[in-house]
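Each remark here refers to the structure printed beneath this line.
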Amino acid sequence: MPPLGRVMAGRDASQSLRLRGPSALPLARRALLACAALPATARAQAWPTRPVRLIVPFVPGGPADLIGRILAEALASGWGQPVVVENRGGAGGNLGAELVARAAPDGHTLLLNTSGQVQGAAMYRKLAFDPVADFTPIAMVAYYGLVVVVRPGLAAASLADFVALMRARPGEVTVASAGVGTPTQLTAELFRLRAGAAFTPVPFNGAAPAQTALLAGQVDAMFQNPVLAVPAVRDGKLRALATTGAARAEALPDVPTVAEQGYPGFEGGTWYAVLGPAGMPADLTTRIEADLRRAVAQPAVRERFAAQSLETRDIGAAALGGIMQEDLRRWSELIRRLGLTQD
């Protein structure tokens, strides 16, 4: 369906105006015609006209929630409207993502989601939305590599020791995750395949309960997010063997990456990005992208991210769209290979 402005500014609308005059048109239609006649930049400047909803598809307290609240505070003053963070947890982030996919593409409902939106998409046979096509990419704002952590009593002082232990005792080593299809599980499985080792996966309902079990010695290891892992490592409660990003984590500069330890090219990081519903006007997308990139460039925002072991990312809409497509392809192959499917 063509945009309203294009239809109303067409030949039929013009004839109607000449024959009947503006005063004969209903007031609402005249208002729509006036809006359609505005330049794109004027329409973008008029946004937002009410509070902006920033949907975080996870429960409060996790990394996405922290990032969302930091961004909401940074953006609200410039937008002249409140930015309201709404936590819509459930189904691995799918419930909140579906809400945004079905929202009006007017920029008043946005999504802050992780790379899990595309990483785990192939796992669901009946996913109610397309994880790429039903969204407008706007900007990536943060990133972290996972931390490979083990309980202190485990006989593994290095990543090589960990692999040797799994090979010597196939299936005896237990590796926790935040749930089936989450980045914590998929990255661990990707490493298992690369290392030619075997472990028993133990999924939990979230990263926090998984770490609680690890701290209690109920499981042996985890590929954990740094928000939870780094404080435990610094306190000596867990041992860090590696990080899974392309480069060493800023929060753990002395811990080598998996790639540095004999697995070149290995990467399993998690990114955070702001998306809108599909069909958002290009000028509005550009406006929000610019505001987000200015926000993450603020020293105060970068410091607050760093305090949570999060690394700032300044990646715009075009590059983000390409990353989403590539991640969907890459992780879908792994999920099909592992046979991970759910309804």
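The values are calculated or read from the model by the stated rules, or taken from the named source; none is laboratory data. Just so you know, these numbers come straight off a predicted model, no measurement behind them. Don't worry about glycine lacking a Cβ; one is built from the backbone with ideal geometry, like all the others, and counts go over all protein chains shown.
The numbered conditions (1) modelled with pLDDT of 95 or more; (2) over 28 Å from GLY153 (Cα atoms); (3) over 21 Å from the mean Cα position of the chain (by Cα) are all true for LEU338 except (1). With among the polar types (S, T, N, Q), more than 23 Å from LEU66 (Cα to Cα) and touching a residue at least 40 places away in the same chain (Cβ under 8 Å) as the only criterion, which of THR286, THR270 stands out? Answer to the check: THR286.
For every residue, the table says whether it meets (1) within 26 Å of THR182 (Cβ to Cβ); (2) charged (D, E, K, R); (3) in contact with a strand residue (DSSP E or B) (Cβ under 6 Å, 6 or more places away or on another chain).
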position	(1), (2), (3)
LEU66	yes, no, no
TRP79	no, no, no
PRO82	no, no, no
ARG88	yes, yes, yes
GLY92	yes, no, no
LEU95	yes, no, no
ALA104	no, no, no
LEU110	yes, no, yes
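Annotation: LEU284 fulfils all but one of (1) touching a Lys or Arg at 6+ places or on another chain (Cβ under 6 Å); (2) outside any loop (DSSP other than H, G, I, E, B); the unmet one is (1).
Out of the residues in region 301-317 that are part of a helix (DSSP H, G or I) and touching a residue at least 40 places away in the same chain (Cβ under 8 Å), which is surrounded by the fewest Cβ atoms within 10 Å (Cβ to Cβ)?
Checked region 301-317; the qualifying residue surrounded by the fewest Cβ atoms within 10 Å (Cβ to Cβ) is ALA306.
Take ARG194 and decide whether it is more than 15 Å from the chain's Cα centre (by Cα), surrounded by fewer than 18 Cβ atoms within 10 Å (Cβ to Cβ), within 28 Å of ARG313 (Cβ to Cβ) and among the basic types (Lys, Arg). Against the criterion (more than 15 Å from the chain's Cα centre (by Cα), surrounded by fewer than 18 Cβ atoms within 10 Å (Cβ to Cβ), within 28 Å of ARG313 (Cβ to Cβ) and among the basic types (Lys, Arg)), ARG194 qualifies. A count restricted to region 103-129 and to residues that are over 15 Å from the mean Cα position of the chain (by Cα) and more than 27 Å from TRP79 (Cα to Cα) stands at 8. Restricting the first member to region 229-253 and to residues that are crowded, with 22+ Cβ neighbours inside 10 Å, and the second to residues that are assigned to a loop (DSSP other than H, G, I, E, B) and basic (Lys, Arg), the beta-carbon pairs closer than 7 Å and six or more apart or on different chains are LEU238/ARG151.
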